[in-house]
Amino acid sequence: MKRYRDIAGDGGSDIAGQVEAQQARLRSRLAAVKRIVAVVSGKGGVGKSSLTAGLAACFATDGRRVGVLDADLNGPTMAKMLGVRGRQLVVTGAGVEPPRSALGVKVMSMDLLLPTDATPLEWEAPTQSESHTWRGTMEANALREFLADTCWGELDLLLLDLPPGADRLATVAALVPGLAGSVVVTIPSDVAHLVVRRSITVAARARAPVLGLVENMAGLFPGPDAAALAREAGIPFLGRVPFDPELAAAADRGEAFVALRPEAPAARALRAVAAGIRAALGDA
Ligand SMILES: Nc1ncnc2c1ncn2[C@@H]1O[C@H](COP(=O)(O)OP(=O)(O)O)[C@@H](O)[C@H]1O
Ligand SMILES: [Mg+2]
């Protein structure tokens, strides 16, 4: 497949120029963002999005200026979890104004752009066999656009909620010039550990450091020790967030659990994980 740089003459549409301009916009936008941290896991359904929403709430409660980019283009959940679903996007000359959660977290998600619940995101490819390559390219393009065209303003922290898959971090690390690090999420099951062990290896190879491993849904079932997994992998263990049905219910209502039930063990655990991340970042 041709890369944009290979297209010598493109009929005057100046694709190369457009991409360069977007890259420049991305750099200047992100210059106002102090730290960018990706939340990752090879496994789906382990609570990457819940953790992202919970951490964003912790940092916002602490007075930090926080943004969340929902990088899960095919299964976006951040707008729902942060209670901004259905908000009208305001587009100005400077870009798209992201809606803010009740705690002031700025959110950008494909969910805010898709017309209806039932419409999935489809990548148009010239042929079916090309659609896989195309999807990767289009996803990277869409993320670049999201990052470059959103008016994030000045932020202390921008959290990226990634889709499941070990390879996703590499795409994001290539896009985001100064990715500060990644947080890997697992749950107490052998199946999850099997996959997450690989994600840690991949994350460790990315340009950004692995800030640590979080065990989510702790206590839901007896399973292997996440602290041991972190130790074996040579990365910090950031803590365990207990399974709490109220946390899931709050997310479904778009409410911040840590603000709703600050004394609940899961809220305390989220604050401890946030503190660990802050320490790993040198107090972001
Ligand atoms: N600690 C927890 N306690 C209870 N439910 C949780 C917890 N973490 C996540 N969930 C629930 O599990 C489901 C999957 O979580 P989600 O954050 O969407 O996972 P992922 O982003 O990794 O696919 C959601 O319904 C969420 O509310
Ligand atoms: Mg998710």
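Throughout, read-outs are computed from the coordinates displayed, never taken from laboratory work. Quantities reported herein were computed from a predicted structural model and do not represent experimental measurements. Glycine gets a Cβ as well: all are built from the backbone with ideal geometry, and neighbour counts include every protein chain shown.
Within the range 46-81, whose backbone N sits under 18 Å from a point 7 Å along Cα→Cβ of residue 260? Residues passing the 18 Å test: 47-61, 77-81.
The length gained on full extension between residue 154 and residue 174, counted as 0.36 nm times the residue separation minus their Cα-Cα distance, comes to 5.0 nm. Net length available on complete extension from residue 142 to residue 268 is 41.8 nm, with 0.36 nm assigned per residue and the Cα-Cα distance removed. For the chain, a Kirkwood radius taken over Cα pairs fed into Stokes-Einstein (37 °C, viscosity 0.692 mPa s) yields D = 169 µm²/s.
When DSSP beta bridges are restricted to pairs lying wholly in the chain, around 10% turn out antiparallel. If R0 is 22 Å, the Cβ-Cβ spacing of residue 25 and residue 87 corresponds to a FRET efficiency of close to 0.40. Modelled spin labels at residue 16 and residue 221, positioned 7 Å past Cα toward Cβ, are 5.4 nm from each other.
Using a 10 angstrom Cβ neighbour count of at most 15 plus a DSSP loop assignment to flag exposed GluC sites (Glu not before Pro), which longest range of the chain is free of such sites? In short, 1-121.
Its relative contact order, with pairs defined as Cα atoms under 8 Å and 6+ residues apart, puts the chain at 25 percent. If R0 is 25 Å, the Cβ-Cβ spacing of residue 62 and residue 94 corresponds to a FRET efficiency of close to 0.35.
For the chain, set up a GNM with springs between Cα atoms under 10 Å and report which of 94, 60, 102 has the largest fluctuation. Its mean-square fluctuation being the largest, the pick is 94.
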